[in-house]
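Scroll down for the structure; my scribbles are underneath it.
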């Protein structure tokens with residue numbers, strides 16, 4: 001089955017450096033097939049038939065063994081990625097005027113009530129829950145007033161990994177491309 005692994009906290013601000021070539025090799029050694037990465041922020045598309053419940057832990061251990069990094073690995077299949085993308089309102093995009101991000105959630109915090117924990121500012125941050133993710137949008141000229149930065153350090157923040165909507169669109173296209181090929 002085609003999987004997307006989203007690693008939390010690598011190559012951010014010069015911390016937890018991990019080369020994508022090394023990451024691909026690690027996934028292959030852990031038994032994943034057709035491994036491909038996208039950009040330098042821990043997005044890995046691969047094929048694997050093992051149950052997702054076990055696979056995240058297997059891959060996290062393989063990364064720790066190969067690189068010494070203790071990273072969280074969140075897995076999504078193509079259907080869940082499609083579902084998240086379908087939930088993004090058509091007017092929410094990422095461009096020069098607007099930023100739209102997807103905050104993928106670990107099961108521990110995945111519920112509609114999680115939106116109440118987001119320090120959104122009225123008139124600045126638009127927030128929407130969809131199973132598996134929180135969708136966030138703000139106009140770029142208002143980003144400095146956004147409350148999203150106050151998430152850093154919270155339990156919720158430790159149980160999510162964020163990607164731009166454009167990155168999620170590209171990852172879905174790559175998964176579809178692999179599925180067709």
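The values are calculated or read from the model by the stated rules, or taken from the named source; none is laboratory data. Just so we're clear, the structure is a prediction, and the values are computed from it rather than from any experiment. Every residue, glycine as well, gets a Cβ built from its backbone with ideal geometry; the counts of neighbours run over all protein chains shown.
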Please indicate, with yes or no, whether at least one residue in region 111-124 is closer than 25 Å to residue 170 by Cα and crowded, with 17+ Cβ neighbours inside 10 Å. no
Quick one: in region 80-97, of everything that is outside any loop (DSSP other than H, G, I, E, B) and surrounded by 11 or more Cβ atoms within 10 Å (Cβ to Cβ), which residue is farthest from the chain's Cα centre (by Cα)? 87
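Yes or no, residue by residue, for (1) modelled with pLDDT of 95 or more; (2) in a strand (DSSP E or B); (3) closer than 18 Å to residue 129 by Cβ:
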residue: 10; (1), (2), (3): no, no, no
residue: 17; (1), (2), (3): no, no, no
residue: 21; (1), (2), (3): no, no, no
residue: 25; (1), (2), (3): yes, no, no
residue: 46; (1), (2), (3): yes, yes, no
residue: 53; (1), (2), (3): no, no, no
residue: 99; (1), (2), (3): yes, yes, no
residue: 103; (1), (2), (3): yes, yes, yes
Can we say residue 172 is surrounded by fewer than 19 Cβ atoms within 10 Å (Cβ to Cβ), modelled with pLDDT under 95 and in contact with a helix residue (DSSP H, G or I) (Cβ under 7 Å, 6 or more places away or on another chain)? no
The strands (runs of 3 or more DSSP E) lying wholly within region 108-169 that contain at least 3 residues that are in contact with a strand residue (DSSP E or B) (Cβ under 8 Å, 6 or more places away or on another chain) and modelled with pLDDT under 95 are none
